[in-house]
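Before any comments, here is the structure.
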Amino acid sequence: MKFFVDTADVQAIAELNDLGMVDGVTTNPSLILKSGRDIVEVTKEICDIVSGPVSAEVVATKAEDMIAEGRRLAEIAPNIAIKLPLTWDGLKACKVLTGEGRMVNVTLCFSANQALVAAKAGASFISPFIGRLDDINLDGMELIRDIRQIYDNYGFETEILAASIRTVNHAAQAALIGADVMTAPPEVIRKLASHPLTDAGLAQFLKDWEKTGQKIL
Ligand code: E4P
């Protein structure tokens with residue numbers, strides 16, 4: 001499973017990248033706002049660190065304007081994935097931009113049918129939002145399962161990018177279902193390494209080691 005980091009925090013991306021945890025990055029207008037940075041400048045800095053796909057999102061709502069914004073964002077670096085919302089105009093823009101050989105991440109996907117039409121329009125990635133479905137008492141993971149099944153039934157090459165991952169359980173479940181990629185905030189990725197039994201076991205080992213009076217170095 002590929003790990004994308006869902007942030008525009010350059011320092012957090014660099015730290016995780018040094019550990020080999022970063023196969024790509026996703027941003028959105030809210031994350032750009034949170035960073036307090038200029039979209040072009042911060043996205044360029046991220047692309048200088050990460051060689052995998054870096055999603056940058058358009059904010060236009062009409063297809064022709066989305067296409068123009070997408071082309072502008074794609075000029076930032078060769079590894080830009082243009083992020084388009086899952087609307088009819090977004091799908092039109094997806095068809096044009098992927099036809100030009102650009103990577104497109106179709107975002108804000110909340111149903112299997114939306115994922116189906118995004119694949120038909122040639123999306124490189126589909127981003128179903130797990131956490132936001134769970135927020136309204138629906139089952140985000142069921143959507144990942146359905147999309148996996150549909151894409152496998154017909155051999156669609158669009159990669160399933162499990163998004164809006166809020167918990168470590170989301171990550172494990174998406175991996176078990178076979179999502180190609182997950183995108184999660186840096187803190188969720190760091191938590192994947194945590195287990196209370198690891199902490200307790202380490203504390204006991206260190207206590208016993210001290211009693212031996214030995215040193216390794
Ligand atoms: C994905 O591309 C989105 O940026 C992100 O995963 C949304 O997550 P949220 O629902 O926690 O804002």
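Return the distance in nm (one decimal) between the two label points of a simple spin-label model at Ile150 and Asp65, each offset 7 Å from Cα along Cα→Cβ.
2.8 nm
Around Tyr151, with a cut-off of 14 angstrom between Cβ atoms, what is the net charge of the other residues, counting Lys and Arg +1 and Asp and Glu -1?
Around Tyr151, the charge tally is -2.
So if I take the centroid of the Cα atoms in segment 112-162 and the same for segment 52-66, what is the distance between those two points in Å?
When both Cα centres are located, 19 Å separates them.
Multiply the residue separation of Leu206 and Arg72 by 0.36 nm, subtract the distance between their alpha-carbon atoms, and state the gained length in nm to one decimal.
42.7 nm
For Ile147, Ile49, Ile32, give the ranking by accessible area with the largest first, probe 1.4 Å.
Ile49, Ile32, Ile147
Counting only protein chains, not ligands or nucleic acids, how are Asp89, Asp139 ordered by accessible area (probe 1.4 Å), most first?
Asp139, Asp89
If we count every other residue with Cβ under 10 angstrom of Arg71's Cβ, Lys/Arg +1 and Asp/Glu -1, where does the sum land?
-1
Going through segment 59-146, which GluC sites (Glu not before Pro) have at most 13 other Cβ atoms within 10 Å and a DSSP loop state?
Passing both the DSSP loop test and the Cβ count: Glu75, Glu100.
What percent does the relative contact order of segment 2-212 come to when contacts are Cα pairs within less than 8 Å and at least six residues apart?
16 percent
Ignoring ligands, DNA and RNA, what percent of the accessible area of the chain is carbon or sulfur (1.4 Å)?
54 percent
Which residues in segment 1-33 have a backbone N closer than 13 Å to a point placed 7 Å from the Cα of Arg190 along the Cα-to-Cβ line?
Once the point is set 7 Å along Cα→Cβ of Arg190, 11-17 turn out to lie under 13 Å by backbone N, inside segment 1-33.
Just to confirm, what accessible area per residue do you get for segment 30-104 at 1.4 Å probe, in whole Å²?
Spelled out: the 1.4 Å probe surface of segment 30-104, per residue, equals 50 Å².
With a 1.4 Å probe and all protein chains left in place, how much accessible area per residue does segment 110-217 have, in Å²?
60 Å²
Ordering Glu45, Glu187, Glu159 by how much accessible area each has at a 1.4 Å probe, largest first, what is the list?
Glu187, Glu45, Glu159
Given Cβ point charges of +1 (Lys, Arg) and -1 (Asp, Glu) and nothing else, what value in debye, to the nearest 20, does the dipole of segment 1-151 about its Cα centre take?
540 debye
Between the helical axis of 196-212 and the dominant principal axis of the chain, each derived from Cα atoms, what acute angle in degrees is found, rounded to the nearest 10?
Rounded to the nearest ten degrees, it is 30.
Tell me, what ³J(HN,Hα) does each residue in segment 179-189 have, in order and in whole Hz, if you take phi through Karplus 6.51 cos²θ - 1.76 cosθ + 1.60 with θ = phi - 60° and put x for Gly and Pro?
Working through the residues one at a time gives 4, 5, 9, 10, 10, 9, x, x, 5, 5, 4 Hz.
Just want the answer: with Cβ charges of +1 for Lys and Arg and -1 for Asp and Glu, which residue in Cys94, Asn113, Leu16 is farthest toward the dipole's positive end in the chain?
It is Asn113, whose Cα lies furthest towards the positive end.
The values are calculated or read from the model by the stated rules, or taken from the named source; none is laboratory data. None of the values given here were measured: they were computed from a predicted structure. Virtual Cβ from ideal backbone geometry, glycine too; neighbours counted across all protein chains shown. The area values use the complete protein model at the heavy-atom level, side chains included, leaving out ligands, DNA and RNA. Shrake-Rupley method; radii C 1.70, N 1.55, O 1.52, S 1.80 Å.
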